[in-house]
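Just below is one structure, and these are the notes that go with it.
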Amino acid sequence: MGNAPATQIASPFPEVVESPPATATQPPVTNEASVPVTEDYAIFSINVQDFSHPAESAAVLNRIIDLHEELNVPVDVYLTDVMARIYAEQYPDLLARLKTSPVVAVSYHYRAPRPYANNYDWLGLSAMSADELYQTVMRYETRAVDPVTGQTTDDAGGYQYVADVIGYAPYAASSIADSAEIDSAVLQVFNDLGAQMTVVHGRALNLGDMKKGLPIRPEHYDYKLFEFVGQDAMTSFESALTQAHESGGVAPYFVGVKMHDNDFFATRSAWLTVYVDGGKRPNWDPSLAAPLLTQAEQDAMWALYEQTVRYVASQTSRVTPVNIPMVLEMLK
């Protein structure tokens, strides 16, 4: 059954979502009038996704927020609907911090088994009409997904669920899909649900670049910090800044400092373990879990992250840390 062509899988969508539900608008940015004008900017992004180790994920995120609040360094936290539900049900104090912290801005990302994850069209989206494709994606972004079958359920989920529990539409949402048609449908759904920005990787992205009606998060160097563990934080960040300047883009230059929650404690992310290592067709086994890093490895990863945030905080006369709502303000 796992080898059946995707187009032979019956559509699980008997009902149609006629229009996107109303979503609260994003709150105003309290420091929007004071975003300094510099040539260089840093955007710290935390992609939260590790449903296999929820206690470790919550502890890491609390620690990250502590650090960023101490240093007044903005940070974007990208939630999946699965992690938002885990925090809402098991760690309500953390969810409250995400909603109220003066340095945190919440955005959204999705992972498999949603069928529009890159190279993951197990549902046969490519064979659908434009309207059916849009309605299918809209259902996936307003309903929860069964982690075994990948089918939607009647429970709230997706982008809309994250908006409901956070209290505003997540600022950014992106698509990396198998075709331009699927990509367009996904971005249209996010736009209709309230997203104000999207994310692209793989090339220099200048402030003001657009994709299908949404501004793109500016990024001249995708600084995957977890790949530099054991290196000197100051030297490594300055190298990233140099590469941003040499990217072929134009000023102002942005270094995107990226981490995942699992980088701090696990050898591999939960979604890769379950939905890639476990195959790209249903059914899946969500009980699979990657091993934890050793304590020494966890300490080394945290040391690199903390030193990087502290270094950027010490360089604000030349490098301005911003999050997405601050970038949106720069576009006005």
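Just so you know, all these numbers are worked out from the coordinates, no wet-lab data involved. Since the model is a prediction, treat every value here as computed from it, not as a measurement. All Cβ positions, even for glycine, are placed from backbone atoms using ideal geometry, and neighbour counts span all protein chains on display.
Using modelled amide H (1.01 Å from N, peptide plane; none on Pro or chain starts), what sits under 5 Å from the amide H of residue 44, excluding residues fewer than 5 places away?
76, 257, 322
Expressed as a whole number of Å, what is the distance separating the alpha-carbon centroids of the stretch 283-332 and the stretch 88-140?
21
Among 130, 53, 314, which residue has its Cα positioned farthest towards the positive end of the charge dipole of the chain, with +1 placed on the Cβ of Lys and Arg, -1 on the Cβ of Asp and Glu, and the dipole taken about the Cα centre?
130
Along the Cα-to-C-beta direction of residue 314, a point sits 7 Å from the Cα; which residues of the stretch 198-238 have their amide N less than 17 Å from that point?
231-238
Please turn the phi angles of the stretch 204-211 into ³J(HN,Hα) values with the Karplus equation 6.51 cos²θ - 1.76 cosθ + 1.60 (θ = phi - 60°), one per residue in order, whole Hz, x for glycine and proline.
Values per residue, Gly and Pro as x: 5, 10, 8, 4, x, 5, 10, 9 Hz.
Have a look at 259, 138, 128 and tell me which one the Gaussian network model of the chain (Cα, springs below 10 Å) gives the largest fluctuation.
128
Excluding residues fewer than 8 places away in the same chain, name every one of the lysines whose C-alpha is closer than 25 Å to that of residue 99.
258, 332
Taking the number of other C-beta atoms within 10 Å as the exposure measure, put 61, 272, 94 in order starting with the fewest.
In order of increasing Cβ crowding within 10 Å: 272, 94, 61.
Can you tell me how the stretch 191-332 classifies by the Cα gyration tensor, rounded, prolate or oblate, using a/c under 1.5 as the rounded cut?
Oblate shape, in that a/c is at least 1.5 and b/c is the bigger or equal ratio.
Helix-only mean residue ellipticity at 222 nm, the chain, DSSP H runs n ≥ 4 weighted -39,500 (n - 2.57), per residue, nearest 500. What is it?
The helix contribution divided over the chain gives -10500 deg cm²/dmol.
Work out from phi, with θ = phi - 60° and the Karplus expression 6.51 cos²θ - 1.76 cosθ + 1.60, the ³J(HN,Hα) of each residue of the stretch 317-323, listed in order in whole Hz, and give x for Gly and Pro.
Result, rounded to whole Hz: 6, 10, 10, 9, x, 9, 10.
Quick check on the stretch 164-203: what does the Kirkwood estimate of hydrodynamic radius come out to from the alpha carbon pairs, in Å?
Kirkwood radius, the stretch 164-203: 10.9 Å.
Can you run phi through the Karplus equation (6.51, -1.76, 1.60; θ = phi - 60°) for the stretch 187-197 and list ³J(HN,Hα) in whole Hz, with x for Gly and Pro?
So the J values, rounded to whole Hz, are 5, 5, 4, 4, 4, 5, 7, x, 5, 10, 7.
Order by neighbour count: 264, 190, fewest other Cβ atoms within 10 Å first, most last.
264, 190
Take the Cα coordinates of the chain, assign each an equal point scatterer, and use the Debye formula without solvent to give log10 I(q)/I(0) at q = 0.07, 0.09, 0.12 Å⁻¹.
The Cα Debye sum returns log10 ratios of -0.28, -0.46, -0.84.
Antiparallel versus total DSSP beta bridges in the stretch 26-330: what percent is that, nearest 5?
20
Could I have the simple spin-label model distance between residue 281 and residue 178, label points 7 Å from Cα toward Cβ, reported in nm to one decimal?
Computed distance between label sites residue 281 and residue 178 equals 1.2 nm.
What is the helix-to-structure angle for 295-313, meaning the angle in degrees between its Cα long axis and the longest Cα principal axis of the chain, kept from 0 to 90 and rounded to the nearest 10?
With rounding to tens, the tilt is 60 degrees.
Calculate, for residue 210 and residue 155, the FRET efficiency according to 1/(1 + (r/R0)^6) with r their C-beta to C-beta distance and R0 51 Å; round to the nearest 0.05.
Computed FRET efficiency for residue 210 and residue 155 comes out at 0.90.
Let me spell out the model: positive unit charges on the Cβ of Lys and Arg, negative unit charges on the Cβ of Asp and Glu, origin at the Cα centre of the chain. What dipole size does that give, in debye rounded to 20?
It works out to roughly 240 debye.
At 7 Å along the Cα-to-beta-carbon direction for both residue 226 and residue 246, put a label point, then send me their distance in nm to one decimal.
2.6
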